[in-house]
């Protein structure tokens, strides 16, 4: 063996060793960092489980995105004292003030004597993440010895559903709070759809229950309240609860849906317009009290199915005009 061959052999061995080390190093972390993948029989017997932290985190995110939070205000009034108009008026004021949320619905509950002189306002908060609800009495006429001032009632509702909202002249004078629209926390909570709200409230209220879902962008709250006034007056002994449910974006606009005990009896999108009051009364009568006489609302001339916005300029009859004057306090 020549001197050149003796010198070349160690160099070749060094190169081979270096190549071996370079080929092993990229896979070294697999034996030290990655968890051991269990074999099928080990998974079956439960001897080893892979960590599920990332999976549970994703589930939590999905739960937060799908969470339903419903703020429901109930106005219970005495029918013997004829406080229905007062209750309707307060419901309209609350829905106007909290038109953009987070007030989900307002329900009117007739309280028939005995006992009498009932006027009670409650707030029920439902949270699907805990699958439960909590009800708080905001005002009880018997305990407070009178009716609440409207601005006081708005403050009570605000303190429970949106504490950071500023109510303008109806507030206590502290304008340091925001109007609620700039709250980052509020933006992070998705608004429940009116269908979800109706489903939740259906399990909270007394039956028979009538609900109207109306589009806030179309400003149909007053129209819905008027229908509610007519129905609560005609079916004072049959309807045990009536709910106004605002439909807000991103829901499709133009919603006007009337349901009885969760069953839809009128959908503006399907019927192509709004119902005539006598027609709506007939549909509800057929469900709640088939033998009840509706007087002039049973006349053949009121059998039309519905009307669109272009028909709103039709003249009212004397009874409807009298009802409207009484409702709005016009003598």
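Quick notes on this structure:
- Anisotropy class of the range 198-261 from Cα gyration tensor, a/c 1.5 cut: oblate
- Extension reserve of the residue 67-residue 129 stretch, reckoned as 0.36 nm per residue once the Cα distance is removed: 21.7 nm
- Part-to-part distance (alpha-carbon centres) for the range 265-287 and the range 74-109, which is given in Å: 23
- Put in order of Cβ neighbour count within 10 Å, fewest first, the listed residues 212, 130, 88 become 130, 88, 212.
- Along its three principal directions, the equivalent ellipsoid of the range 73-177 from the Cα gyration tensor extends over semi-axes of 24, 18, 12 Å, largest first.
- Bridge type composition, the range 70-310 - antiparallel percent by DSSP, nearest 5: 65
- Residues 259, 199, 194 arranged by fewest to most Cβ contacts within 10 Å: 199, 259, 194
- Panel order for 296, 169, by other beta carbons found within 10 Å of each beta carbon, from fewest to most: 169, 296.
Laboratory data are not the source of any read-out in this text; all were calculated from the coordinates shown. Because the structure is predicted, anything quoted here is derived from the model rather than measured. A quick note on method: Cβ atoms are made from the backbone with ideal geometry, for glycine too, and the neighbour counts reach across all protein chains shown.
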